[in-house]
Amino acid sequence: MISTITKNKKNRYPRKTIIFAFLLFIALIFSLVACSPVLQNALKGSDIERSIIATEGSAYIASSNSMSASASLNLGSDGESPYELADLAQAYRSVPSGAVYALSDNAITEPNRENYSSITSNSFKNSTDDPLSTLSIDVDTASYVHMRRYLQQHNQIPPKDAIRIEEMINYFSYDYPQPQGDVPFSVTTEISTAPWNKNHQLVHIGIQGKAIDLSEAPASNLVFLIDTSGSMSGDLPLVQQSLNMLVENLREQDTISIVAYAGSAGLVLPAASGYDKQRIKQAINRLQSGGSTAGGAGIELAYKIAKQNFIHGGNNRVILATDGDFNVGVSSEGELVRLIESKREDHIFLSVLGFGYGNYQDAQMEQLADKGNGNYSYIDGLLEAKKVLVKEMGGTLFAIAKDVKIQVEFNPEKVKSYRLIGYENRLLNKEDFNDDKKDAGELGAGHTVTALYEIIPAESEESTGSVDALKYQQTSVTTTAKSSDEVMTVKLRYKEPTGDTSQLIVMPVINEQVTFNKSSNNFRFSSAVAAFGMLLRDSEFKGDITLEAIQEIARESKGGDREGYRAEFIRLIEIAEIFANRY
């Protein structure tokens, strides 16, 4: 009876009206979500499924869990995207769980608790009072990627201390000659004008590590040490995809072990052959995040496993993937550094891969790599993971020399004063150069390392400060210095990867200055990167150079740029220029 009455009763609202009202309601909810920070914060803490929110100017990709990364597609004012639906779906799939913001002028930001070591730029030193400059090489590249992340993802100039100029310069490869004979690297020098100060000169020192055929490289004993704590919840998928790319390039003779740590550390996968890729990937993909961060316990276990599976004459390395937020057990920077220092005597190297942002502990990560005979990279996406773990796999995983130190002696007859650009965290005492117990950086296969010195010529009338005359001794210049064409002498010390005694290389640098426009692409491009770093740091030594001038230098010296990294750098300068004009 009820059913009959219902069927015969006249419908009060036409179907089109109901559909229109429903669509209007949905549109209203989407508009509120896109415009209200309160609702967006609520979304971040909920368990809703991923969704795509389109507003004028951007496509926002939202998901559950905590905010960790971003993606966006530009939309026209009429709401139509130049991208196909497949592109939108790809962007959706690429966003880590928790992303609820876009790369637009209105990008949402969270409180920044990232930690970077304080940096005071190197100042000019008088070549008569301080003729020696001593440093460890640095092959880390994390700072460049942090800089890119801030400009591209967060729409802001990065913190000054996040800018380590030597890491920005060394992010790029340079066209240096391959070494000859038994020496594992070549050394190239060049002198021209400093583009930010026409009265100063710039000395370019380039080191090229010997490239190796990875198919014939020594067997590898790798231990993946993976942070699965709660702070990694939004970043673990990227960690897994990154390590899976590395697994694809392993050989049967390579062994892989996996250690994971959160509130405690545990062995996820005992040593497995690189041939058993499916089993290794399954172990990686099963990992889930949650809990606190017992990083010290994880490091202890990882090195223990690496030692148990040690390959004599092989490549023994721990690969740490983390955001550096250690908070259980051995957790202070000093304790962790001492722990790592105690392990490097076992000839086990360390590669540190940084993930995440917001609570990222860069200072701790840099120290661990520095003290663990290792290298430090920051992974902000799959393309960077491919660069570090696939394209530059030899440099990341295979050390050809360790404890590589540089010492430069300046000729006071040619150089009034000098300044090392960057490497503030890598400076050594002059006595450390000949001390084989003093740790320094490693050089990977095929890696390039570049160091720049800004010098004031001896004939310059520029004042660089002075000290009182010594009371008990007198400084004098030798007749050799007066008659020599040498601007300086570059000395390098290095050890074999498993050696304990260093080898010495000595290379005088002749005063063969060329004009800036005729200098090499290596020289001009590295100087553009250095100048950009100085402007980002608002350095007192930045001179009169502008972003526009830096962009022009970088364009003209881009060279082949097969991978497109230099073109990307030029675009980053453009982004910084927009911010500079805006503010």
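The values are calculated or read from the model by the stated rules, or taken from the named source; none is laboratory data. Because the structure is a prediction, the values reported are computed rather than measured. Heads up, the Cβs are rebuilt from the backbone with ideal geometry, glycines too, and the neighbour counts pull from every protein chain shown.
I'm trying to understand the selection: among the residues of the range 186-234, which are closer than 26 Å to A265 by Cβ and touching a Lys or Arg at 6+ places or on another chain (Cβ under 9 Å)? The answer is A219, S220, N221, L222, V223. Flag not set for Y378, criterion: under 23 Å from T489 (Cβ atoms) and hydroxyl-bearing (S, T, Y).
Restricting attention to the range 501-537 and to residues that are modelled with pLDDT of 95 or more and among the charged types (D, E, K, R), the residue that is surrounded by the fewest Cβ atoms within 10 Å (Cβ to Cβ) turns out to be K518. Being part of a loop (DSSP other than H, G, I, E, B), buried (at least 16 other Cβ atoms within 10 Å of the Cβ) and either on the phi < 0 side of the Ramachandran plot or within 24 Å of the chain's Cα centre (by Cα) (or both) is a property that does not hold for S257. Counting only residues that are buried (at least 16 other Cβ atoms within 10 Å of the Cβ) and out of contact with any helix residue (DSSP H, G or I) (no Cβ under 8 Å at 6 or more places or on another chain), the range 277-295 holds 2 of them. In the range 457-500, the qualifying residues are those that are of a type in the set (S, T, N, Q), closer than 24 Å to Q201 by Cα and under 39 Å from the mean Cα position of the chain (by Cα), and the one that is modelled with the highest pLDDT is T489.
Quick grid of which residues meet (1) modelled with pLDDT of 95 or more; (2) not aromatic (F, W, Y):
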| site | (1), (2) |
| --- | --- |
| N411 | yes, yes |
| I421 | yes, yes |
| D439 | no, yes |
| Y453 | yes, no |
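Restricting attention to the range 372-379, does a residue exist that is assigned by TED's automatic domain parsing to the domain that holds P218, farther than 30 Å from S483 by Cα and among the aromatic types (F, W, Y)? Yes, the conditions are met somewhere in the range 372-379. For first residues located in the range 125-151 and closer than 20 Å to R537 by Cα, partners that are assigned to a loop (DSSP other than H, G, I, E, B) and of a type in the set (D, E) and lie 6+ apart or on another chain with Cβ distances below 8 Å form the pairs V145/D380; R148/D380; R149/D380. Hey, any hits in the range 447-461 for a residue that's loosely packed, with under 12 Cβ neighbours inside 10 Å and of a type in the set (S, T, N, Q)? No. Consider the range 369-404 and keep the residues that are in a helix (DSSP H, G or I) and of a type in the set (V, I, T). The one that is modelled with the lowest pLDDT is T396.
Within the range 179-202, restricting attention to residues that are touching a residue at least 24 places away in the same chain (Cβ under 8 Å), touching a Gly at 6+ places or on another chain (Cβ under 9 Å) and within 18 Å of T546 (Cα to Cα), the residue that is surrounded by the most Cβ atoms within 10 Å (Cβ to Cβ) is A194. Only residues that are modelled with pLDDT of 90 or more and either part of a helix (DSSP H, G or I) or small (G, A, S) (or both) were counted in the range 271-298, giving 13. Failed condition for G234, given (1) surrounded by fewer than 16 Cβ atoms within 10 Å (Cβ to Cβ); (2) part of a loop (DSSP other than H, G, I, E, B); (3) of a type outside the set (F, W, Y); (4) out of contact with any strand residue (DSSP E or B) (no Cβ under 8 Å at 6 or more places or on another chain), with all others met? Answer for G234: the failing condition is (1). When we screen I340, I258, I319 for residues that are free of Cβ contacts under 8 Å to residues at least 40 places away in the same chain, under 23 Å from M232 (Cα atoms) and of a type in the set (A, V, I, L, M), the only hit is I258.
Checked against the criterion of being in contact with a Pro (Cβ under 9 Å, 6 or more places away or on another chain) and either under 23 Å from F185 (Cα atoms) or in the same structural domain as I191 (by TED's automatic domain parsing) (or both), the candidates G543, G560, G499 yield just one match: G543. Tallying residues that are over 29 Å from the mean Cα position of the chain (by Cα), part of a strand (DSSP E or B) and farther than 15 Å from S121 by Cβ within the range 417-456 yields 1.
Looking only at residues in the range 299-324 that are of a type in the set (V, I, T) and part of a helix (DSSP H, G or I), the one that is surrounded by the most Cβ atoms within 10 Å (Cβ to Cβ) is I299.
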